[in-house]
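Before any comments, here is the structure.
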């Protein structure tokens with residue numbers, strides 16, 4: 001079975017540009033998570049969805065960040081406008097559990113974003 | 001905010017040595033997970049501990065959950081170069097999704 005699929009794997013963009021990261025969770029999983037990883041701050045939860053509904057977006061840095069999950073097999077994380085401090089590896093993860101915060105997380109390979 | 005502090009942050013040892021990584025918090029967690037992450041990849045689950053005082057073994061790795069469910073440790077016996085990676089503890093509690101610790105970067109030299 002395919003794991004969590006993220007695209008793009010690498011993105012280099014200039015400050016002010018819009019960035020869209022995409023994620024396809026594992027089929028049948030009912031929870032989807034977006035994390036950001038940097039050396040300084042480690043792995044931070046940005047937002048998570050349960051059954052396509054955003055449950056906790058308190059980790060979203062500011063209004064420049066937005067996430068959507070239009071259906072059970074697709075999610076996007078958008079940054080507009082991007083800034084150099086947004087440079088990080090963005091991970092998408094999915095899980096299946098009755099309670100979204102108790103299951104094993106399956107991570108994608110990440111999208112490495114560099115904002116110049 | 002539920003914070004998980006891991007120590008040490010970095011560890012470089014020789015093959016065959018033993019080591020222990022600690023994960024501490026002031027918060028109580030209903031369960032705690034340990035993940036390992038290799039360069040260029042996402043974290044992969046190693047184990048979940050649920051009961052206070054629980055000890056789980058995975059080959060040369062021994063995981064312990066503190067009695068008060070606020071802390072955990074990972075002990076590796078006779079470390080091998082294949083154990084190299086970033087070890088992350090993650091706490092489950094309350095309404096929030098998994099909260100990850102700061103991580104311990106382990107390098108095992110052959």
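All of the numbers you see were taken from the coordinates with simple rules; none came from a lab. Being a predicted model, the structure only gives us computed values, none of them experimental. Cβ: placed from backbone, ideal geometry, glycine included. Neighbour counts: every protein chain shown.
The share of C-alpha pairs in region A:14-68 whose separation exceeds 12 Å stands at 71 percent. When each of the peptides B:53-59, B:83-89 is scored by how many other beta carbons lie within 10 Å of its residues on average, the order from highest to lowest is B:83-89, B:53-59. Across chain B the C-alpha pair distances fall into 10 Å bins from zero in the proportions 16, 50, 29, 5, 0 percent. Note on B:37-43: average number of Cβ atoms from other chains within 10 Å of each residue's Cβ is 6.
Computed on chain A, with alpha-carbon pairs under 8 angstrom and 6+ residues apart, the relative contact order is 37 percent.
On the basis of the beta-carbon distance and an R0 of 25 Å, residue A:7 and residue A:41 show a calculated FRET efficiency of 0.60.
For the Cα trace of the protein assembly as shown, dividing Rg by the Kirkwood Rh returns an Rg/Rh value of 0.97. Taking the empirical scaling 2.2 N^0.38 Å for compact globular proteins as reference, region B:1-43 has a Cα radius of gyration ratio of 1.44. Counted over the protein assembly as shown, the DSSP beta bridges are approximately 90% antiparallel. Exposure proxy for A:97, A:24: other Cβ atoms within 10 Å of each Cβ, ordered fewest to most, give A:97, A:24. Quarter the surface of the alpha carbon convex hull of chain A and you get the mean projected area, 6.7 square nanometres.
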